[in-house]
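Asks: My questions will all concern the structure given below.
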Amino acid sequence: MLRVIVNRIGSIAVVMLLVALMVFSLIHMAPGDPAAIIAGDNATSEQIASIRDRLGLGNPLPLQFLNWIFAASRGDLGVSIFSGVPVFGLICERLEPTLSLTLITIVIALMIAVTAGVLAAANAGSWIDRAVMALSILGFSAPIFVVGYVLIYVFAIQLKWLPVQGYASLSAGILDWLRHLVLPALSLGLAYVALIARITRTAMLDVLAEDYIRTAKAKGVSPDGILIKHALRNAGIPIVTVVGIGVALLIGGVVITESVFNIPGVGRLVVDAISKRDYPIIQGVTLVFSGVYVLINLMVDLSYGLIDPRIGRR
Amino acid sequence: MSALDAGAATSVRRSSTGRFIKRNPMLVLGILLLAIILMSAIFAPWLVGDPSAMMPNRRLLPAGLGYPLGTDPLGRDVFARTIYGARVSLTVGICVATISVLIGLALGLIAGYLRRADAPLMRIMDALMSIPAIMLAIALVALTQASVVTVIAAIAIPEIPRVVRLVRAVVFSVREQPFVQAAIAGGAKTPRVIIRHIMPSTLAPLIVQASYICASAILIEAALSFLGAGTPPSVPTWGNMIASNRLYLAKAPWTIFGPGLELALTVLAINLIGDGLRDHLDPRLSRRM
């Protein structure tokens, strides 16, 4: 098991280094002088020179990359061109809303998706199964921001049950915090629910066809017991894998959701940076988001041993 | 040929079409829906008025006669803009699907067949997959002048790894098959083995994958436009319409729901086609997914 972990971490390090190289080279892939592009159309040559200086764009490329990656590994992601504040600090300030939103979304999505997937597989071919599959296609097709505005219109503007927009910090009370996160989590989670429900159904159907399920039935285990204890446990690996891969959907979706619901999180930081061409922010957040994705999928890989003890022994 | 024979032939053809519709209702529904959207986008100038004409005395008109979706805050016809909006979306969707499939196919064949290229290429693809598609697209678009071409490139790049993985998996499963081994033993050169004997097996899964990429590209384009990182605001797209009308949600909801609905229907149509094709091309898999 230890060797597996060490191997995985080794290949993760390679992937992470490549990610860093790509995020770094984004700025040099654009045609023309990156400093001039960042400075905008009306910049003077002094402004362009100062940006080039601040980003170290005058140095040879390999040196720039080494400087950047050593700084990044110490948590120094450069400073915002617009405000002059360190990017790392800006990200940390805005971490709470983004983490709250993604965690609530994952919890709600898992509850809905696994239940729907298990019900669909247990009643394969019935109307429940067809309804779950039809809803999952709709879930894949509905854009986050459209769903978001429909939810705001119905539940906040017309019914006035929930706040229209904004974020309430957890320190101000858990109920208000939840009330502000319900609609964003539902919009963000829709595609994620669709993805997990589909894979849960497929994995359950595979497991339910196994011999040991027939054995369990024959020895008189209750149908619910078979579903939960025998089938769901053994369908765990594909489900957990997709939960990890699907985090990419959530991370991308956070940017849109925070913009729709006016949540002051890391996603909004990026959106605000687009119009200001604040490139260090875009670069820093892209690197952090990619790192989170890689780490979550490493955790998913390592959890295989917990779900299925045979994997650890191999 | 007698009249009787001709009649029998038509009825056979009709019943086989009927059977096709009955066996693939979702595929047919998706194709119909997409055909309507595609036609309305192509023939937009003959169907609706000028999408950019501003009528200052007709701002935020409610939906009604003459303006099925009302007018926006600048007094523009929302229905006309929605119909025109399909042009950018469909162009981006089709171009992204074509480009990423072609590049992904080439890289996937190389990775799958040339063992030495496999590991480095796949690590690069792993890294590319680790960067969330929207973030990569935002970063690329923010650095270049916004245009349809940069948007297409920015969306196509993050889609490539998915195609590479798929093609590589197919190559792995075909590589050791007797017909490929026979071709190699018969003295066929590597490019010929890859193109003539291996590539045809990738076609069916690639068509299905292309439709999913097209759907996802349309969603990402709309998101980029919505976030202000897409095509210039002068071109009507569903994303930038929703973004510019968002402040009027309570007063004029159809200026947002109209383009939103057509966006959702377009993506739904393409996803239905993808699912339908997958079921039709690979019935073994379809019973499970």
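The values are calculated or read from the model by the stated rules, or taken from the named source; none is laboratory data. Predicted model, so just to flag it, every value in this text is computed and none were measured. Here the Cβ positions follow ideal geometry from the backbone for every residue, glycine too, while neighbour counts run over all protein chains shown. These area figures cover heavy atoms from the full protein model, side chains too; ligands, DNA and RNA do not enter into them. Shrake-Rupley method; radii C 1.70, N 1.55, O 1.52, S 1.80 Å.
Asks: How about region A:164-175: which of its residues are surrounded by fewer than 18 Cβ atoms within 10 Å (Cβ to Cβ) and under 22 Å from B:A250 (Cβ atoms)?
Replies: Hits for region A:164-175 are A:V164, A:Q165, A:G166.
Asks: Another question, then. Would you mind listing the helices (runs of 4 or more DSSP H) fully within region A:32-95 where at least 2 residues are over 27 Å from the mean Cα position of the chain (by Cα)?
Replies: By residue number, A:34-39, A:45-54, A:61-73.
Asks: Look at region A:211-258 and say how many of its residues are of a type in the set (D, E) and within 14 Å of chain B (Cβ to nearest Cβ).
Replies: Summing the residues that are of a type in the set (D, E) and within 14 Å of chain B (Cβ to nearest Cβ) in region A:211-258 gives 1.
Asks: Moving on. Are any residues in region A:138-163 under 20 Å from B:Y212 (Cβ atoms) and at pLDDT 90 or above, and if so, which ones?
Replies: Passing the criteria: A:L138, A:G139, A:S141, A:A142, A:P143, A:I144, A:V146, A:V147.
Asks: Looking only at region B:217-239, filter to residues that are assigned to a loop (DSSP other than H, G, I, E, B) and of a type in the set (A, V, I, L, M); which one of those is surrounded by the most Cβ atoms within 10 Å (Cβ to Cβ)?
Replies: If we take residues in region B:217-239 being assigned to a loop (DSSP other than H, G, I, E, B) and of a type in the set (A, V, I, L, M), then B:A229 is surrounded by the most Cβ atoms within 10 Å (Cβ to Cβ).
Asks: Which residues, counting only those in region A:150-160, are under 19 Å from A:L101 (Cα atoms) and either of a type in the set (G, A, S) or open to solvent by 50 Å² or more (accessible area, probe 1.4 Å) (or both)?
Replies: A:V150, A:F155, A:A156
Asks: Can you run down the residue pairs with Cβ atoms below 9 Å, 6 or more apart or on separate chains, where the first is in region B:274-289 and over 15 Å from B:P25 (Cβ atoms) and open to solvent by 50 Å² or more (accessible area, probe 1.4 Å) and the partner is modelled with pLDDT of 70 or more and among the hydroxyl-bearing types (S, T, Y)?
Replies: Final answer for the pair search is B:R288/A:T202; B:M289/A:T202.
Asks: Scanning for something among the β-branched types (V, I, T), buried (at least 18 other Cβ atoms within 10 Å of the Cβ) and either closer than 21 Å to A:A120 by Cα or more than 14 Å from chain B (Cβ to nearest Cβ) (or both), does region A:280-296 turn up at least one residue?
Replies: Within region A:280-296, none of the residues are among the β-branched types (V, I, T), buried (at least 18 other Cβ atoms within 10 Å of the Cβ) and either closer than 21 Å to A:A120 by Cα or more than 14 Å from chain B (Cβ to nearest Cβ) (or both).
Asks: Next question, about the same structure. Regarding region A:111-119, can at least one residue be identified that is open to solvent by 20 Å² or more (accessible area, probe 1.4 Å), more than 19 Å from A:A235 (Cβ to Cβ) and within 23 Å of the chain's Cα centre (by Cα)?
Replies: no
Asks: If we scan region A:259-267, do we find a residue that is more than 18 Å from the chain's Cα centre (by Cα), more than 9 Å from chain B (Cβ to nearest Cβ), among the small types (G, A, S) and not in a loop (DSSP other than H, G, I, E, B)?
Replies: no
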